[in-house]
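The values are calculated or read from the model by the stated rules, or taken from the named source; none is laboratory data. It should be emphasised that the depicted structure is a prediction, and the values quoted were computed from it without experimental measurement. Positions of Cβ are generated from backbone atoms using ideal geometry, with glycine treated the same way; all protein chains shown enter the neighbour counts. The accessibility values were calculated without ligands, DNA or RNA, using every heavy atom of the protein model including side chains. Shrake-Rupley method; radii C 1.70, N 1.55, O 1.52, S 1.80 Å.
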Amino acid sequence: MADPAVASGAALSAGGRGSGGKAATSPAENYHLARRRTLQVVVSALLTESGFESAEKAAVETLTEMMQSYITEIGRCAKAYCEHTARSVPTLSDTVVTLIEMGFNADTLPVYAKRSQRMVITAPPVTNQPVTPRALSAGQKRTHPAYIQGHFPEFPDPHTYIKTPTFREPVSDYQVVREKAASQRRDVERALTRFMAKTGETQSLFKDDITAFPLIAAQPSSIPYLSALLPSELELQTLEETDSSEQDDQTDSENAAGNITNDDPDADKENSMLPPSSVVPSVKATEDSVIDNPYLRPVKKPKVRRKK
């Protein structure tokens, strides 16, 4: 009865001979090829001890296949005896029983091992295993719950699904904040100057090279003193705020006066006697009194609020 391991080894050797010595790609194929080469070296050493000086490749392959089948059968039988006695790892007694079962005299092994013509085979070079990079350590690795069977794949590493937020403390040093604000302002001004120089008209310091040191061209104004007479945006904003506060105070006083007149019955009679068109001129007067030009507005004293 053919053993599956022997059959697979034979198929592998046949495939290796048929492929013309192509390099294996998977680790399993590399392992089988290394084991096959080691057995070929052992068979060649045994042939040399027996007095052979040369051998055909087909004969060496046949002897290698026979040795592989013999070793595989010993391992299979030793494993069977081990499992028969409720153990998982074979021992020396299992191997001795296997050799006796296969018809081999185990007493001749010490004499054969101490023979004088024995050839020593050097161990194959050990290749260093590639160093696997350490996984990121974040959190604790989860195990399967009770309702998930053990043959299912494990959970991935915690760093693949755990989110670790990071926060940077705001800089509160006065000197650092001022330096950062100054650098940002300088960068903004420089970027704005370059943009205006690229999009608008420019003047150059050198007549030969126009692109070197471009300067923003000054735009002459027909009324150069107008910018000095017009108020700044800050002044306009303060004027608007004072006007709005005065208008609020005026509306509050008008509402208070209206409440007082409603309480007086004589005032109601006088108001009823007034024509409806008498209210329109006051509204027009208030609209005419509001002037957009700040220089044509009447002078207003700043409101001083007294402390209560």
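Taking a Cβ cut-off of under 9 Å around Pro158, the surrounding Lys, Arg, Asp and Glu residues balance to a net charge of +1, with basic ones at +1 and acidic ones at -1. How many angstrom lie between the C-alpha centres of region 178-212 and region 53-82? Taking the Cα centre of region 53-82 as reference, the centre of region 178-212 is 86 Å away.
Legend: calculated FRET efficiency, Glu179 to Lys301, from the Cβ-Cβ distance at R0 = 30 Å, rounded to 0.05, equals 0.10. Each Lys or Arg adds one and each Asp or Glu takes one away; over the other residues whose Cβ falls under 14 Å from the Cβ of Glu49, this sums to +2. The order of the peptides 35-42, 144-151 by mean Cβ neighbours within 10 Å, most packed first, is 35-42, 144-151. For region 174-241, averaging the sequence separation of C-alpha pairs within contact (under 8 Å, six or more residues apart) and dividing by the residue count gives a relative contact order of 18 percent.
Close amide H pairs (under 5 Å, H built 1.01 Å from N) link Thr202 with Ala217, residues at least 5 positions away or on another chain. Across region 66-157, Cα pairs under 8 Å and at least six residues apart give a relative contact order of 15 percent. When only the Cβ of Lys, Arg, Asp and Glu is charged (+1, +1, -1, -1), the dipole of region 60-108 relative to its Cα centre reaches about 200 debye.
Would you please classify the overall shape of region 174-241 from the alpha carbon gyration tensor, given that a ≥ b ≥ c denote the square roots of the eigenvalues, rounded means a/c under 1.5, and beyond that prolate means a/b larger than b/c while oblate covers the rest? Taking the square roots of the gyration eigenvalues as a ≥ b ≥ c, region 174-241 is oblate. Taking 7 Å steps out from each Cα toward its Cβ at Thr91 and Asp187 produces label points 7.7 nm apart.
Taking 0.36 nm per residue of separation and subtracting the current Cα-Cα distance, fully stretching the chain between Ser26 and Ala58 would add 8.9 nm. Extending 7 Å from the Cα toward the beta-carbon at both Ser204 and Glu233 defines two label points whose distance is 3.5 nm. Around the Cα centre of region 27-114, unit charges on the Cβ atoms of Lys, Arg, Asp and Glu (plus for the first two, minus for the last two) sum to a dipole of about 280 debye. In terms of accessible area, using a 1.4 Å probe and ignoring ligands and nucleic acids, Arg305, Arg194 rank largest first as Arg305, Arg194.
Under the combined filter of DSSP loop state and at most 14 neighbouring Cβ atoms within 10 Å, region 173-211 retains these chymotrypsin sites (Phe, Trp or Tyr not before Pro): Phe206. A Förster radius of 25 Å, combined with the Cβ-Cβ distance separating Thr132 from Lys79, puts the computed FRET efficiency at roughly 0.20. With no solvent and one equal point scatterer per Cα, compute the Debye intensity ratio I(q)/I(0) for region 27-114 at 0.14, 0.20, 0.25 Å⁻¹ and report its log10, rounded to two decimals. Here the Debye-derived log intensity ratios amount to -0.67, -1.08, -1.18.
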